[in-house]
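None of the figures in this text is laboratory data; all of them are computed from the coordinates on show. Only a predicted model underlies this, so the values are computations on that prediction, with no experimental measurement involved. When we count neighbours, we look across all protein chains shown, and the Cβ atoms used for this are built from the backbone with ideal geometry, even at glycine.
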Amino acid sequence: MRSGISISLPFLSTVVAALFSSVTGSPIKVPRDLSTTSIPSYVLDYAPLVWLYSDDEYRPSDIGQQVAHTIPEVNWKEVEGALSPLTLDNLDSLNDLGNTSVYLTSKEGINATIQPAWFNGVTPDDQGKTNGAVSSAIIVRDHGDGTVDAFYFYFYAYNRGNVVLGMMFGDHVGDWEHNMIRFVNGVPDAIWYSQHSDGEAFSYTATEKNGQRPIAYSGNGTHAVYAISGNHDHTIPGLNFNNGLIVDHTDQGVLWDPTLSAYAYSYNADTAQFQPYDASYPVSWLQFNGQWGDDKLPGQKEIFGQSKYSAGPNGPKFKKLVRKDVCPSGLCIVRTDLGP
Ligand SMILES: *[C@@H]1O[C@H](CO)[C@@H](O)[C@H](O)[C@H]1NC(C)=O
Ligand SMILES: *[C@@H]1O[C@H](CO)[C@@H](O)[C@H](O)[C@H]1NC(C)=O
Ligand SMILES: *[C@@H]1O[C@H](CO)[C@@H](O)[C@H](O)[C@H]1NC(C)=O
């Protein structure tokens, strides 16, 4: 199930992560094991398992290290008066210093001739754990009527875009993707897979599983989340085909269990506040209104408004944590059969 190259990568990535944390002087804290917290057990029992693409060079990454490796900038100028060091415990202080215009800008630059190693993240070990990297955040929203939405956020330091007609589009620093499982009285009902500007919903029953845990496939480079292995054309948002102009590739490369290295929170829709399931999980970063990577690089060749390097994304609070349906918006079709 593993390609030849991925066998040596976990070790290498661990060494690289250790090197970087000692260089930046910000040791990575090992978060408390989720299963020992008060998070509803069904949220973990039914959590998705993610197949990363076999030759994806951009693996899940430590959320806190993104902050350590970047400088907050507005219009390509360093934000004045920012706290130092910025961490996941004080990141929302940037809201008063530029708010949504703040870009966590890579120190090396998105167009660095040699990409820094931290763009590559950490390959999960044989247990599926990203050692030394807290690469996931689980956010639970209780509707108060027996319905509970569990969001499983996946973080990657770098998104490699798609090649379209021989040209590369949409590379960006920072990448947030998610699944959301809607539970009704503790029983999984439906699951959302985020894909670029949109995504797909399936009934829990329809999904491929490992035991009782639904399977997700992460697109090579883009990390869009799919329910089946193979090719996924996403030229038209919400409509997927096996082939076309803009295609994501998925396969059973390396299995990732995001729950093994994650922070977890409950979300109160009335107050818009996050409550950590353990006091060791940082909260401030969830209220950061800025972007998790470099701004769109100026002076690039553009085709239909698209260019090689695009802007970094905003964080989990902007992914519609308060939803009526399992889909974030629009007509919600919950598929009962698997497809691309
Ligand atoms: C997958 O992404 C890697 C870079 O991370 C690239 O070299 C490779 O060609 C891609 N594979 C496919 C099938 O697109
Ligand atoms: C900062 O951004 C948030 C999120 O978009 C917005 O709700 C808020 O009104 C903004 N604050 C100011 C002072 O512009
Ligand atoms: C990266 O882009 C910036 C802004 O366009 C430019 O000034 C710089 O020379 C570029 N660096 C490389 C290595 O291409």
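Here are some notes:
- Neighbour-count order for Asp189, Asp248, fewest beta carbons within 10 angstrom listed first: Asp189, Asp248
- Oblate is the label for the stretch 286-337, because a/c, from the alpha-carbon gyration tensor with a ≥ b ≥ c as root eigenvalues, is 1.5 or above and a/b does not exceed b/c.
- Set of aspartates and glutamates with alpha-carbon distance to Lys301 below 19 Å, sequence-local pairs under 8 removed: Asp171
- Given the chain, longest segment not containing exposed loop chymotrypsin sites (Phe, Trp or Tyr not before Pro) (DSSP; at most 14 other Cβ within 10 Å): 77-303
- Listed by Cβ neighbour count within 10 Å, with the fewest neighbours leading, His143, His249, His223 appear as His143, His249, His223.
- The alpha-carbon atoms of the stretch 153-305, seen along their principal axes, cover 47, 37, 29 angstrom, with the largest extent given first.
- Placing unit charges on the Cβ atoms only, positive for Lys and Arg and negative for Asp and Glu, gives the chain a dipole magnitude near 40 debye about its Cα centre.
- Cross-link table Lys296/Lys324; Lys107/Lys209; Lys77/Lys308, entries beyond 31 Å C-alpha to C-alpha: Lys296/Lys324; Lys107/Lys209
- Oblate is the label for the stretch 70-145, because a/c, from the alpha-carbon gyration tensor with a ≥ b ≥ c as root eigenvalues, is 1.5 or above and a/b does not exceed b/c.
- Two-decimal log10 I(q)/I(0) for the stretch 34-335, as the Debye equation yields it once each C-alpha is a single scatterer, q = 0.08, 0.09, 0.10, 0.14 Å⁻¹: -0.32, -0.41, -0.52, -1.06
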